[in-house]
C-alpha cells in the first residue's frame with residue numbers, strides 16, 4: 001500500500017462502527033441543543049467532591065465546551081486509533097505490536113483497531129452526554145448541586161465500558177502460541 005492509499009483511504013470513515021459513532025454524536029448534540037436553554041446564564045460547570053459548584057461558565061461558553069467534547073473529541077480519538085497504525089505504526093501501543101502489524105497481518109489488525117476506535121468514541125460520546133445530563137440536573141436544583149448518584153452512575157458505566165473495551169482489545173492482540 002503506498003502513501004496516497006494510506007492517507008486517502010476512506011475505509012475507517014465507511015465502517016459501520018464509525019457511522020454509528022457519528023450518528024450517536026449527532027444525537028448527543030441534539031440532546032445538548034434541546035436542553036441548553038434550561039441552564040441558567042451562569043452554569044455551574046465544575047463541582048467539588050461534595051457536589052457544590054466551584055467553577056462557572058456562561059451558558060454560551062458551556063455550550064461550546066460541551067459540543068467540542070461531544071462532537072470533536074470522540075470522533076478525533078476514534079479516527080486516530082484507526083488511522084495512526086496506517087501511517088505511524090511505531091506509535092501504536094498494542095501487545096505484540098511487531099507481530100500484529102507485520103505486513104501479512106497489518107490490514108486485518110488496522111481494521112480491528114478502526115472498529116474498536118469507533119466503539120471507544122461511542123463510549124466517550126455517551127459519557128459526555130451523561131455528564132451533561134448530570135450538570136443539567138445539578139444546575140436546575142436550588143442551590144445548584146451536582147447529583148452525585150447520577151454522576152457516579154455515569155462514571156461507573158464508563159469504567160465498566162472502558163474495562164470491557166480494553167479486555168476485547170488486549171485479547172485480540174495476544175500472541176498466538
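A short reminder: the numbers here are calculations on the coordinates, not readings from a lab. Note that the structure is predicted; figures quoted are calculated from it, not measured. Here the Cβ is made from the backbone with ideal geometry for all residues, glycine too, and neighbour counts use every protein chain on show.
Some notes on this structure:
- Calculated mean residue ellipticity at 222 nm for the chain: -22500 deg cm²/dmol, from DSSP H runs with n ≥ 4 weighted as -39500 (n - 2.57), summed, divided by the residue count and rounded to 500.
- Between helix 73-87 and the chain: long-axis angle, C-alpha atoms, 0 to 90°, nearest 10: 10 degrees
- Relative to the longest principal axis of the Cα atoms of the chain, the long axis of helix 103-140 lies at roughly 0 degrees.
- Of the two radii for the chain, the radius of gyration is 1.07 times the Kirkwood radius, both from the alpha carbons; that is the Rg over Rh value.
- Gain on full extension, evaluated as 0.36 nm per residue between residue 99 and residue 165 minus their Cα-Cα distance, stands at 21.6 nm.
- Among 19, 137, the ranking by other beta carbons within 10 Å of each residue's beta carbon, starting with the fewest, stands as 19, 137.
- The chain, relative contact order [Cα under 8 Å, separation at least 6], %: 28 percent
- On the principal axes of its alpha carbon atoms, region 95-153 extends 61, 16, 11 Å, with the longest extent given first.
- Alpha carbon centroid spacing (whole Å) that separates region 46-75 from region 112-177: 16 Å
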